[in-house]
Amino acid sequence: METLTTIFEAINGVVWGPLMLILLLGVGLYLQLGLKLMPIRKLGTGFKLMWQGRDAKPAAGEVKKAEAEGEISPFNALMTALSATIGTGNIAGVATAIALGGPGAVFWMWITALVGMATKFAEAVLAVRYRETDSTGYHVGGPMFYIKNGLGKKWLWLGGAFAFFGAVAAFGIGNTVQSNSVADALDSTFGIPHWLTGVAIMVLAGAVILGGIKRIAKVAGKLVPFMGIAYVAAGLVVLVVNAGQLGEAFSMIFYYAFNPHAAVGGFAGAAVMAAIRFGVARGIFSNEAGLGSAPIAHAAAKTRNPVRQGMIAMLGTFIDTIIVCTITALVILTSTVWIEGEAGASLTALSFDAALPGWGNQIVSLALAVFAFTTILGWSFYGEKCFQFLFGTRSIMLYRVLFVLAIPLGAMAQLGFIWLMADTFNALMAIPNLIALALLSPVVFKVTRDYFDGKEVLPGEDLDHDKA
């Protein structure tokens, strides 16, 4: 274990170094500027399309054939993507960013989200534009397919690299990290043994995962809105209690984003680079913009309109980071617990409990359990599609079974190494995807411009600039 930890620490130091920060923020900023800030300007339109996409019927302007394209509604595609993103990153990840990078890390999480909206939009546009139908008649898509079909055969190795990293990363970020965090929370709060939590999650998740994308989307469409609204409501109650400290919390976020934070209490202090590094890393861990995971879900949406699905997809980053992560961050910063040296989910739990004694810890534990459960569902689908790309349709059930069996193992494993592994594979997934987004950006800009000019281009229609 020590040898593996050393190896992953070395890789992690490289893939989460300055180059990754430049790639993630640089590509996102380039896409945001290339789209003329459309993802920010059309945020309201995105929410309107999301609401219209609940029943998967063609909205005004959609072609009739849309009903025959895809397996799940546009709304449930977003909920499936959100099920994978709203997880431990929103509770433990935000706390870790503040504990290691200081309050300024929250500002850099926001910046990552704002540019990440353009990244997520582009990912979904390309996912629908270049998706395929597999041998069972289901739509499949994502970075591996827009690399294969958009960049051409000479880039197929890059799609294969993404699929490999994605299939393996799903066992980390989307499985063992989640079950481990839930087991820790339920053990410390309710005294439930780790193994029992692992087995319970395995049984419940297995019942959904083995049913495929339609069952996953159906469960996500019900659980995600409920859990998101409930957590935000609980956070708002805490902020009302801590209303007097809100102004200072915002002041710290903006000040320490550009100034080093001296050591205070149990907090060791943080340089500006640490605020940027942990803010970006935990922001990406939470909202997954740039990783290439979410477009795998959006490729299954019942739509033939890439831009419409892109505008729905970009809401995932906004909801996850600008809303949910911000609630967590403000709860932590309006309490004094964070300066006492706490970190991870326990920091968030103690911060909630400081405002709601006897209730706060239980609220966080239950939220973490539901968040993690849905994350496991979403990532099982991502990993499955990556595995399918590498080994064919017949391999799907094998992957599902292995994924479900790994859940209790993760619940009983060492948390530190699992977080390190997940963080490393996050970055390794992002690299092929960001390269593809940069190279295919002309397609995104052209399709988007045509849509808003009334010259809609549907999947399957050749574009001159598509040919690599």
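The values are calculated or read from the model by the stated rules, or taken from the named source; none is laboratory data. From a predicted model like this one, the values you see are computed outputs, not experimental measurements. Neighbour counts run over all protein chains shown; Cβ positions are idealised from the backbone, glycine included. For the accessible areas, the whole protein counts, side chains as well, though only heavy atoms, and no ligand, DNA or RNA atoms are used. Shrake-Rupley method; radii C 1.70, N 1.55, O 1.52, S 1.80 Å.
Here is how the numbers come out for the structure above:
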| read-out | value |
| --- | --- |
| Neighbours by Cβ (under 7 Å, 6+ apart or cross-chain): first from segment 330-353, closer than 11 Å to I98 by Cα; second surrounded by fewer than 22 Cβ atoms within 10 Å (Cβ to Cβ) and of a type in the set (F, W, Y) | W338/F267; I339/F267; G341/F267 |
| Enumeration of residues in segment 248-261 that are open to solvent by 70 Å² or more (accessible area, probe 1.4 Å) and of a type in the set (A, V, I, L, M, F, W, C) | F250, F254, F258 |
| Any pair with Cβ under 7 angstrom, 6 or more apart, that starts in segment 206-227 at a residue that is without any contact (Cβ under 8 Å) to a residue 12 or more places away in the chain and ends at one that is assigned to a helix (DSSP H, G or I) and crowded, with 23+ Cβ neighbours inside 10 Å | none |
| Checklist (1) open to solvent by less than 10 Å² (accessible area, probe 1.4 Å); (2) under 28 Å from T424 (Cα atoms) applied to D187, failing item | (1) |
| Subset of segment 1-44 [hydroxyl-bearing (S, T, Y), surrounded by 14 or more Cβ atoms within 10 Å (Cβ to Cβ) and modelled with pLDDT under 95] | T5 |
| Single match in L398, L330 (criterion: modelled with pLDDT of 90 or more and either over 17 Å from A233 (Cβ atoms) or over 24 Å from the mean Cα position of the chain (by Cα) (or both)) | L398 |
| Yes/no for A257 being under 21 Å from S351 (Cα atoms) and among the aliphatic types (A, V, I, L, M) | no |
| Which numbered condition N305 fails, given (1) in contact (Cβ under 8 Å) with a residue 60 or more places away in the chain; (2) within 26 Å of M20 (Cβ to Cβ) | (2) |
| Condition met for A122 (in contact with a Leu (Cβ under 9 Å, 6 or more places away or on another chain) and open to solvent by less than 10 Å² (accessible area, probe 1.4 Å)) | yes |
| Meets criteria (in contact (Cβ under 8 Å) with a residue 24 or more places away in the chain and under 30 Å from E132 (Cβ atoms)) for G279 | no |
| Flag for E132 being touching a Gly at 6+ places or on another chain (Cβ under 8 Å), modelled with pLDDT of 90 or more and within 27 Å of C325 (Cβ to Cβ) | no |
| Residue check, S380 open to solvent by 10 Å² or more (accessible area, probe 1.4 Å) and among the hydroxyl-bearing types (S, T, Y) | no |
| Residues of segment 368-377 classified as open to solvent by less than 10 Å² (accessible area, probe 1.4 Å) and of a type in the set (A, V, I, L, M, F, W, C), total | 5 |
| Number of the condition not met by A413 [criteria: (1) modelled with pLDDT under 95; (2) in a helix (DSSP H, G or I)] | (2) |
| Criterion (closer than 12 Å to N175 by Cα and assigned to a helix (DSSP H, G or I)) met by exactly one of V443, V404, V447 | V404 |
| A169 buried (at least 24 other Cβ atoms within 10 Å of the Cβ) and in contact with a Leu (Cβ under 9 Å, 6 or more places away or on another chain) | yes |
| Given (1) over 18 Å from L366 (Cβ atoms); (2) open to solvent by 10 Å² or more (accessible area, probe 1.4 Å); (3) at pLDDT 90 or above, number of the condition A163 does not satisfy | (2) |
| K148 being closer than 30 Å to L330 by Cα and of a type in the set (D, E, K, R) | no |
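Every residue, every condition in (1) surrounded by 18 or more Cβ atoms within 10 Å (Cβ to Cβ); (2) touching an Asp or Glu at 6+ places or on another chain (Cβ under 7 Å); (3) farther than 26 Å from I98 by Cα, yes or no:
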site	(1), (2), (3)
W195	no, no, yes
V208	yes, no, yes
G211	no, no, yes
I216	yes, no, yes
P225	no, no, yes
A233	no, no, no
